[in-house]
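Have a look at the structure below, then the notes.
The values are calculated or read from the model by the stated rules, or taken from the named source; none is laboratory data. All values derive from a computational prediction rather than experimental measurement. Cβ coordinates were reconstructed from backbone atoms using ideal geometry, including for glycine residues, and neighbour counts include every protein chain displayed. SASA here: full protein model, heavy atoms, side chains in, ligands and nucleic acids out. Shrake-Rupley method; radii C 1.70, N 1.55, O 1.52, S 1.80 Å.
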Amino acid sequence: MNHTATVLIFATREEPADQLDKLKNGGCKLIFGEKRWQLPGGKYENDFAESARDADAMMGTSIRETPITARVIQASNRLRIISKYTVGFDDIDVEAATSLGILVCNAPTEANCFGVAESTIAMMLAMLKKLRERDADIRAGRWREPSVLATYVGSRASDGYPGITLGLVGLGRVASRVADLLAPWKIRIIGYDPYVDPTKFLLHRVERVDYATLLSQADVVSFHVSLTKETRHMLRDEQIALMKPSAIVINTSRGKVIQESELADAISNGKLAGAAIDAFEQEPLASDSPLRNLGNRVLMTPHAAAATDRDELRPGVEMSFNIVRTALGGKMPDNICNPEAIPLWKKRFGNVSLIAN
């Protein structure tokens with residue numbers, strides 16, 4: 001080992017003592033970020049960069065309020081790995097990391113991804129089955145109002161009803177799980193994802209289509225993409241114009257995938273039937289957001305689609321610790337989000353271990 005490896009845990013989430021001990025026993029120095037970095041409204045880039053100055057590795061949960069900017073990444077000329085406990089990595093300047101040969105990794109565990117998939121289906125059913133509206137009717141003394149009719153989701157062999165068409169934008173782990181869970185319903189599922197192998201569509205019984213076709217044919221359009229330059233605001237007026245006025249939108253991925261003001265305007269003007277949203281452009285949701293004025297046409301949850309009472313993040317924490325130990329040992333870790341950085345990483349850090357076995 002050339003020097004003591006320094007690990008910055010920039011956004012803590014109840015790290016298991018045994019995992020912390022493994023790093024300490026490997027000779028690592030641990031630095032912990034401040035809780036206030038994760039709170040809305042803060043401006044802590046200076047503090048973050050100062051803490052990252054000697055870091056060989058950085059890890060933690062989501063930190064969108066004080067993101068990992070190019071300045072933070074460039075603060076240490078020894079940094080070799082940034083590992084997230086979660087699936088999303090839109091709070092990291094991936095381009096800046098890639099240019100320096102720094103690997104960015106995430107933790108797409110079943111506990112996290114599958115929790116989001118289950119929430120996606122729950123949100124879809126709540127919207128299509130009018131559960132909130134029917135509950136409100138009972139509380140108001142109304143009974144079986146004809147104005148609150150539900151959508152029959154699955155197909156019916158008895159009369160040839162085909163069921164709804166679900167459009168999945170992105171076919172990663174979450175969307176694939178959604179498709180698998182809905183297989184017994186025998187609905188038509190179409191998908192758009194130019195980055196996955198066509199065989200994956202066959203494996204999960206999803207019909208592969210282009211984005212415009214998906215928007216024009218789907219009764220439910222559900223977004224399951226990472227936030228990138230290509231996906232930012234990939235749903236706005238131009239795309240909404242292609243959709244059925246009876247369609248609903250579900251977003252359990254990232255808020256900035258959708259242009260919220262234009263979505264709200266479309267729902268208000270009857271161009272779309274509604275939306276179910278877990279992730280927002282600004283979090284927490286602004287008090288003056290037009291989404292708040294649309295009643296039951298919009299179902300909103302506080303970016304908690306994966307949150308359960310079974311500590312869904314722990315597997316991601318453990319995965320991230322394994323990734324960091326591997327990278328500090330000079331070996332190639334799993335779940336690399338920027339494979340373009342690998343050649344330079346190997347040149348800078350390959351087979352150079354900073355951690356004791």
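How much length is gained on full extension from E14 to A212, taking 0.36 nm per residue of separation minus their Cα-Cα distance? Show your work: numbers first, answer last.
Working: separation 198, 0.36 × 198 = 71.28 nm, distance 4.32 nm.
Once the chain is fully extended between E14 and A212, it gains 67.0 nm.
In straight-distance terms, cross-link reach from K256 covers every one of the aspartates and glutamates whose alpha-carbon lies under 15 Å from its own, apart from those fewer than eight places away in the same chain; here that gives E65, D90, D91, E230, D237, D278, E281, E283.
Per-residue Karplus couplings for the range 64-74, computed as 6.51 cos²θ - 1.76 cosθ + 1.60 with θ equal to phi - 60°, are listed in order as 5, 6, 10, x, 7, 7, 4, 5, 5, 5, 7 Hz, Gly and Pro entered as x. Multiplying the residue separation of K186 and R292 by 0.36 nm and removing their Cα-Cα distance gives an extension gain of 34.7 nm. Straight-line reach from K130: taking Cα to Cα under 22 Å and skipping same-chain neighbours fewer than 8 places apart, the lysines in range are K186, K244, K271. Annotation: for a label point projected 7 angstrom from Cα along Cα→Cβ of L39, no residues of the range 259-293 have a backbone N closer than 12 Å. Lysine pairs in the range 1-129 whose alpha-carbon atoms fall under 27 angstrom of each other, counting only those eight or more residues apart or on distinct chains, come to 9.
Only protein atoms count toward the accessible area here, which uses a 1.4 Å probe; on the range 250-301, the carbon and sulfur part of that area reaches 43 percent.
Cβ neighbours within 10 Å, averaged per peptide: list 68-76, 50-58 in order, most packed at the top.
On the way: 68-76: 20.2, 50-58: 22.0.
The most tightly packed comes first, giving 50-58, 68-76.
For the chain, adding -39500 (n - 2.57) for each run of n ≥ 4 DSSP H residues and dividing by the number of residues yields -9000 deg cm²/dmol at 222 nm.
Output the peptides 138-147, 335-344, 214-223 sorted from most to least packed, where packing is the average of other Cβ atoms within 10 Å over each peptide's residues.
214-223, 335-344, 138-147
From most to least packed by mean Cβ count within 10 Å, the peptides 28-40, 162-174 give 162-174, 28-40.
Rg ratio for the range 277-316: its Cα radius of gyration over 2.2 N^0.38 Å, N being its residue count, equals 1.44. Extents of the chain, largest first, come to 73, 44, 37 Å (Cα atoms, principal axes, whole angstrom). Let me have the relative contact order for the range 41-157, percent, based on Cα pairs under 8 Å that are six or more residues apart. Averaging sequence separation for qualifying contacts and normalising by length gives 19 percent for the range 41-157. Here R132 and K244 are evaluated by their C-beta separation; at R0 = 25 Å the FRET efficiency comes out at 0.70.
Which whole-number percent of Cα pairs in the range 135-239 have a distance greater than 25 Å? List each step's numbers first, then the result.
Numbers: 1852 of 5460 pairs.
Percent of Cα pairs beyond 25 Å in the range 135-239: 34.
Relative contact order of the chain, taken over Cα pairs closer than 8 Å and 6 or more residues apart, is 19 percent. Just so you know, the Cα atoms of the range 298-357 work out to an Rg and Dmax of 16.6, 53 Å. Here the extension length gained between S99 and A304 equals 70.5 nm, from 0.36 nm per residue of separation less the Cα-Cα distance.
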